[in-house]
Amino acid sequence: MYPAVCLVRAITQYIVPYRPVLRRSYQTGMTRSSIAAPEKINEEVSKLLALKARLTSENGVDGEEGAQQKFTLKTPKGTRDYNPQHMALRLSVLDKIVTVFKRHGAETIDTPIFELKEVLTGKYGEDSKLIYDLADQGGELLSLRYDLTVPFARYLAMSKITNIKRYHIAKVYRRDNPAMTKGRYREFYQCDFDIAGLYDPMIPEAECMRVVYEILNSLQLGKFVIKVNHRLLLDGIFEACGVPIEMFRSICSAVDKLDKLTWEEVRSEMVNEKNLDGDIADKIGEYVRQSGKVELVEKLMEDQNLLGKSKTAKEGLEAMKLFFRYIDLYDLTEYVSFDLSLARGLDYYTGVIYEAVLLGDEKGEAVGSIAGGGRYDNLVGMFDPKHKNVPCVGVSIGVERIFSVLEAKLASDHQKIRTTEVQVYVASAQKNLTEERMKLCKEFWDAGIKAEQPYKKNPKLLVQLQHCEDMGIPWAIILGESEIQRGVVKLRNVTSRQEIEIARNAIAQELKNRLEST
């Protein structure tokens, strides 16, 4: 019935106002083949109005309201709501991440969720098709930000900043096919850490690796590996194998899929979709399927076919050798793998690239990439009027996948997470003690203690104590007329259920002491 209401509404909205116009058009000499007679129009409109009235009567609501009630309540595709348990977990994770960022001297910034479309265009290679464009609302063509790196580069160029170590935690948007169970959404948070400035080679890169290690280690997510590669080495491999220079980025994007596809599938894409010669693809395959540590760097440095044909490859290998020396000083060698299949298809990377991957365990499958980044020395110059570059290197933490892993872990272990930080609950054992509870809450709040009370005048004591257990509140104060007359209150340990009497005028300090000692 609702589609019919919509039809009636549409016709009455757009046809009825034009009846006088139609009548005048008819009177000016238009033929009956081009427009119906006024009598016929009036007759049909009357029928539709009668139908509208009947449908309105049957539904007991206005046609517009009835149509509005028909829609399905759901979140948009690729998005989700977060209940208090989810948010408590997320805030805990973000707090640990920010602690690491601050430990390394980073300061934070924020940028708009949308940018001028021209700012984002051409920065993401084949992924540019995933950018959300917005309707023109005032003479500017805008798009939702795809990541936090390009807005950061725009911010540096616009603000004339040449040195900064910053972190940024905010939502980004991608018109991707979501995989909700794996933490891949269309709206999601990114946590970025970047070092901008002209510094000696590989020192900032090594610190970014240390930041990733400290974050993943603090979150206790299980075994992980940080894959690293160098864009110059990839370009050198393509050059030595005979890939035309104009196809470098396209072939790089294909290689980047080796973590999800087999070599045969990637080769097929190179040859059949991107028209690369099959022999060249096979030569590329001999390199990009290798992985290891510093020993692989040394092996490739002895490869005359590679170094003899590409100075770019030699430069990349020299950089990787220095990189491994520095990460060894940070005790990271066992966590890092030199992986030639790592390509990261974004066009703006110019040097070291890296990606952290959770390995999973015998109980479940590997989760995949949960952090990634690299060096991008030319991005800021794209926005600067004088094309002045600011060298940058950074890492982005994929917190949505981290949340998914931790949520699944809590669910499998049947663990419940606290959603509030209340430290004491002010309860009453008898009626008409509301004002006494309010006075005590005020004292606790003044002392910086997180406290709450029931919002009923005469609550049941068992209900109040059960609330403390359900919410994980560690302490409860129980007020009664007898205790008030004697100038004391009962302090109850919710977990052990043990109670002691404390002087009323000393309870705030006593509770602070107990909270500080736990």
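Points worth noting:
- One residue alone among 199, 146, 173, 167 is modelled with pLDDT of 90 or more, aromatic (Phe, Trp, Tyr), over 21 Å from residue 347 (Cβ atoms) and crowded, with 19+ Cβ neighbours inside 10 Å, and that residue is 167.
- Close pairs from the range 324-344: first farther than 17 Å from residue 233 by Cβ, partner open to solvent by 60 Å² or more (accessible area, probe 1.4 Å) and part of a loop (DSSP other than H, G, I, E, B), Cβ under 7 Å, at least 6 apart: 333/293
- Residue list for the range 122-136, filter: part of a loop (DSSP other than H, G, I, E, B), surrounded by 15 or more Cβ atoms within 10 Å (Cβ to Cβ) and not aliphatic (A, V, I, L, M): 123, 124, 132
- Output for the range 283-323, where each listed residue is part of a strand (DSSP E or B) and either open to solvent by less than 40 Å² (accessible area, probe 1.4 Å) or at pLDDT 95 or above (or both): 292
- Hits in the range 494-518 - residues which are open to solvent by less than 50 Å² (accessible area, probe 1.4 Å) and either part of a helix (DSSP H, G or I) or on the phi > 0 side of the Ramachandran plot (or both): 506, 507, 508, 511, 515
- Filter result for residue 199 (in contact with a helix residue (DSSP H, G or I) (Cβ under 7 Å, 6 or more places away or on another chain) and closer than 21 Å to residue 393 by Cβ): no
- Here no strands (runs of 3 or more DSSP E) wholly within the range 356-473 include at least 1 residues being under 27 Å from residue 89 (Cβ atoms) and of a type in the set (D, E, K, R).
- Restricting 401, 418, 375 to residues that are basic (Lys, Arg), under 30 Å from residue 315 (Cα atoms) and open to solvent by 30 Å² or more (accessible area, probe 1.4 Å) narrows the list to 375.
- The C-beta contact set for the range 449-464 (first residue within 24 Å of residue 509 (Cβ to Cβ), second residue open to solvent by less than 50 Å² (accessible area, probe 1.4 Å) and part of a helix (DSSP H, G or I), distance under 7 angstrom, 6+ apart or interchain) comprises 449/508; 449/511; 451/441; 451/444; 453/437; 453/441.
- Meets criteria (open to solvent by 40 Å² or more (accessible area, probe 1.4 Å), modelled with pLDDT of 90 or more, outside any helix (DSSP H, G or I) and of a type in the set (Lys, Arg)) for residue 74: yes
- Residue 459 meets the conditions (1) touching a helix residue (DSSP H, G or I) at 6+ places or on another chain (Cβ under 8 Å); (2) crowded, with 18+ Cβ neighbours inside 10 Å; (3) not β-branched (Val, Ile, Thr) in every case but one. The failed one is (1).
- Residue in the range 480-493 that is open to solvent by less than 40 Å² (accessible area, probe 1.4 Å), touching a helix residue (DSSP H, G or I) at 6+ places or on another chain (Cβ under 9 Å), at pLDDT 95 or above and closer than 24 Å to residue 84 by Cβ present: no
The values are calculated or read from the model by the stated rules, or taken from the named source; none is laboratory data. Remember, predicted model here, so these are calculated numbers, not experimental data. When we count neighbours, we look across all protein chains shown, and the Cβ atoms used for this are built from the backbone with ideal geometry, even at glycine. SASA here: full protein model, heavy atoms, side chains in, ligands and nucleic acids out. Shrake-Rupley method; radii C 1.70, N 1.55, O 1.52, S 1.80 Å.
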